[in-house]
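Chemist: Once you've had a glance at the structure underneath, I'll fire off some questions.
The values are calculated or read from the model by the stated rules, or taken from the named source; none is laboratory data. From a predicted model like this one, the values you see are computed outputs, not experimental measurements. Here the Cβ positions follow ideal geometry from the backbone for every residue, glycine too, while neighbour counts run over all protein chains shown. With ligands, DNA and RNA removed, areas are computed over all heavy atoms of the protein, side chains included. Shrake-Rupley method; radii C 1.70, N 1.55, O 1.52, S 1.80 Å.
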Amino acid sequence: MTQVIYMRIAEALRDRIVSGQLAPGADVPTEADLATEWGTSRGPVRNALALLRAEGLIETGRGRPARVSVHESTQRLDVQVPFTRWAEESGAVPGAVTQQFSRKRASARTAARFGIEPGDPVVEVVRLRLLDGKPSMLERLVYIDDVGRVLFAHDLDRISITELLTANGFLQGGVEHEIDAIAADQLDSELLGVAEGSPILRLHRVSHDADGRIIEVSDDHYRSDIVRFTFGAPGAAARSVHGGQFLRGLQS
């Protein structure tokens, strides 16, 4: 019975957040108020809040009530919006700190992904993305050589790679996405500020040019307390296990 109650409480709060009744930054009703509203003890209420916190819908901290997360998902997966533009449109300040930027020989695995020969040159980028100064996503980007070489004339901390490559005639074809949950590795832990082994979200992306050639293969690792993915069927109102919010699908 307790499980049913806490799930019902979570669903009701989720609906308030999605509908805008509880706006980003707004205080969530207190445990005492929710317990009274639902005619239950604080245990189920705490379980409900823990579930919403794990989904990234609310934030909690010592000495203050739970609040609706400010950075909520607003972007559908099938819309190609550069991270920088998306962040600005969401009212957040985007940032980037390049960790690695080099031209190297493709491993057998990388070569197979691009359909090139092992040892052929590729360009690799590891870049930390920030929202309002907070580490939010770690990009691991690999580009086929003629595409990646375009990047060397620019400061990657100050540009949108997607917009730069588009301006140079690349990234005009399709993009394939694959999403899963993985354990944070040592680099994720260090740069994203999460515990090693903790769950994070990975968006694997394969980008094609107008001729269908694979020009980019990337893995974007997201902090799940800041970014979450939600899906809706074409032609229907977007609805999801996270309460109907749209996907925060970001490009580099």
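Chemist: To the nearest 10 square angstrom, how much accessible area does R64 have with a 1.4 angstrom probe?
Modeler: 80 Å²
Chemist: Can you tell me the Rg and Dmax of region 83-170, counting just the alpha carbons, in angstroms?
Modeler: Computed over the Cα atoms of region 83-170, radius of gyration and Dmax are 14.2, 44 Å.
Chemist: Rank these by accessible area, largest first, 1.4 Å probe: R16, R46. Intermediate results must be reported in sequence, preceding the final value.
Modeler: Details: R16 50, R46 125 Å².
Greatest to least solvent exposure: R46, R16.
Chemist: Once amide H atoms are built 1.01 Å from N in the peptide plane, which residues 5 or more positions from I215, or in another chain, come under 5 Å H to H?
Modeler: Here S207, H208, D209 satisfy the definition.
Chemist: For region 91-191, with every protein chain kept in place, what is the accessible area per residue (1.4 Å probe, Å²)?
Modeler: Details: 4980 Å² over 101 residues.
About 49 Å² of surface per residue is accessible.
Chemist: Still on this structure: For region 81-126, what mean projected area does the convex hull of the alpha carbons give, in nm²? If you can, show how the numbers build up before the last one.
Modeler: On the way: hull surface 17.0 nm².
Here the figure is 4.3 nm², rounded to one decimal.
Chemist: Leaving out ligands, DNA and RNA but keeping every protein chain, what accessible area does V217 have, in Å² rounded to the nearest 10, with a 1.4 Å probe?
Modeler: 10 Å²
Chemist: Something else now. What residues have an amide H closer than 5 Å to that of S224, excluding those fewer than 5 places away on the same chain, when H is modeled at 1.01 Å from N in the peptide plane?
Modeler: Hits under the 5 Å cutoff: L201.
Chemist: Right, something else. Report, please, the projected area of region 1-53 averaged over directions, based on the convex hull of its C-alpha atoms, in nm². Don't skip to the end; give the middle numbers.
Modeler: On the way: hull surface 13.1 nm².
It is 3.3 nm².
Chemist: While we're here: With Cβ to Cβ distances under 11 Å as the rule, what net charge do the other residues near A96 carry (K, R +1; D, E -1)? Intermediate values should be presented prior to the final figure.
Modeler: Details: positive: R127, R129, R158; negative: E139, D155, D157.
With Lys, Arg at +1 and Asp, Glu at -1, the neighbours total 0.
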